[in-house]
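J.: Shown below is the structure under consideration.
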Amino acid sequence: MPMPSEPLLALDGGPPVLPRGSLPSTNDAAGRTIGPEEEAAVLRVLRSGMLSGVWGTEVKALQAEFAEMMGSAHAVACSSGTAALHLAVAAVDPAPGQEIIVPPISDMGSVLPVIAQNAVPVFADLDPVTGCLDPEDVRRRITSRTRAILVVHLFGGAARVRELREIADEAGVLLIEDCAQAYLARERPGDPVVGTIGHLGCFSLQQTKHITTGDGGLVITDDAKLARAMRLFADKAWPRDTGERTYLSFALNYRMPELSGAVARVQLTRLQAVVDRRRRHAHHLSAALAQLPGLTTPAPAGIHAYWYYPLLVDGLDHAGLRRFAAALGAEGVPCVAGYIARPLYQEPVLREPTAYGGSGYPIRGRIDYPDGECPVAEALVSERLLAVPWNENYTDEQVDAMAEAIDKVHRAVVPA
Ligand SMILES: *Cc1c(COP(=O)(O)O)cnc(C)c1O
């Protein structure tokens, strides 16, 4: 119970630390970094009359600029982060029923492309601190049917991706990095950025990501064959370079429009500063929370990209974690208990699969996803993980107030 001298939680009728809704969010202009340069880019494209990336110049320039910035040989633009992952999985080209190892905490966009290509998602458990794939568990899940490992750099914190690359190389499979939340993250200071350690690195330009065109995606690779396979898969396998109207293989239309390409090019020029500002605020919050017992803050020093600020709490159960998140929300600090409702393998799309004429192919009858499949992930979602949306436009005062709110809620909610 809170001591009488302790401030009453806003949840229980006390005054909130921050006025509700006062923090900038990625759903409003205050929480997005968009300026007159984006406006000029949109007008430039409209006035040119060419709105298609197939014949325009903007999407092509974006691909060159993104590849250059990441230090990759090739970049392929597309219509979303999910599309980017679908391009990557299509480039891996699994045979029906082959397996791709995936993590249970992510956006479902990480997993749906596996099913779309008739491959089976196999879930491996997570590192209890980073929430990213545990390389040891990945190793245990590799079989003769494995074709790829798909790793997510959760919230902007890098996975142990060098070890995963070694495991992939030993097994003779490809490594796909889902970097939708992790622009410019690194496993260690001085390392190359994530997305360049694996064979394929996938990014999203969706509304809530570090940089945005509303929707959009990019994939990077050093492999010219994979790059060509992805370009074809995004464009009905119509090879634009030969001039012939022919359709070379199975593919869809995942093309990025020229307007998005033009906006993305400007957003790209803002990326480093966006990440730097997010880091500075996050380090400030981590320092302010350092004394709170039973709280784990993200790994320190210059490597995390802070899409969200993940906080791990000890000593709570399922209801306690939800009370913590609700209490923090009432103090004016949005927070999602567990980040997702349940590990992805417990979602209906995997537990009760109905794709392909109700057959549930390629999952039903081939693989079960029982509770307990990934105990670390289940504990994170149920009772340990708090995901606080992060933003480059928070002020120092707001970050101080967030620390105060977390301290206030922690005292009241976590048993001593
Ligand atoms: C956002 C996101 C996706 C999907 O990206 P969309 O652009 O929304 O399709 C995939 N993986 C992760 C980790 C994401 O955060």
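Coordinate-derived values only; no laboratory data. Please read all numbers here as calculations on a predicted model, not as lab measurements. Glycine gets a Cβ as well: all are built from the backbone with ideal geometry, and neighbour counts include every protein chain shown.
J.: Being in contact (Cβ under 8 Å) with a residue 60 or more places away in the chain, part of a helix (DSSP H, G or I) and more than 16 Å from the ligand (Cβ to nearest atom) is the filter; apply it to the stretch 61-85 and report the residue that is nearest to GLN206 (Cα to Cα).
T.: That would be GLN63.
J.: List, please: which pairs have Cβ atoms under 7 Å, are six or more places apart or on different chains, and start with a residue in the stretch 168-195 that is touching a residue at least 12 places away in the same chain (Cβ under 8 Å) and on the phi > 0 side of the Ramachandran plot and end with one that is among the small types (Gly, Ala, Ser) and surrounded by 19 or more Cβ atoms within 10 Å (Cβ to Cβ)?
T.: LEU184/ALA305; GLY195/GLY201
J.: Of all residues in the stretch 374-416, how many are touching a Phe, Trp or Tyr at 6+ places or on another chain (Cβ under 6 Å), over 23 Å from TYR306 (Cβ atoms) and not in a helix (DSSP H, G or I)?
T.: 1
J.: For the stretch 199-226, which residues satisfy the criterion of being within 10 Å of SER80 (Cα to Cα), over 12 Å from the mean Cα position of the chain (by Cα) and surrounded by fewer than 22 Cβ atoms within 10 Å (Cβ to Cβ)?
T.: Result: GLY214, ASP215.
J.: Moving on. Within the set of pairs 6+ apart or on separate chains, which have a first residue in the stretch 15-40 that is in a loop (DSSP other than H, G, I, E, B), a second that is basic (Lys, Arg), and C-beta atoms under 6 Å apart?
T.: Sorted first by the residue in the stretch 15-40, then by its partner, the pairs are THR33/ARG270.
J.: So, one more: Residue check: is ALA234 over 20 Å from the mean Cα position of the chain (by Cα), closer than 22 Å to MET70 by Cα and within 16 Å of the ligand (Cβ to nearest atom)?
T.: yes
J.: Right, here's the next one. List pairs: first in the stretch 212-238 and within 17 Å of GLN117 (Cβ to Cβ) and in a loop (DSSP other than H, G, I, E, B), second among the aromatic types (Phe, Trp, Tyr) and within 14 Å of the ligand (Cβ to nearest atom), Cβ under 9 Å, 6+ apart or cross-chain?
T.: Close Cβ pairs satisfying both conditions: ALA234/TYR254.
J.: Residue by residue through the stretch 234-252, note down the ones that are within 18 Å of LEU62 (Cβ to Cβ) and not charged (D, E, K, R).
T.: Result: ALA234, single match.
J.: Quick check: anything in the stretch 55-68 within 30 Å of PRO192 (Cβ to Cβ) and of a type in the set (Phe, Trp, Tyr)?
T.: yes
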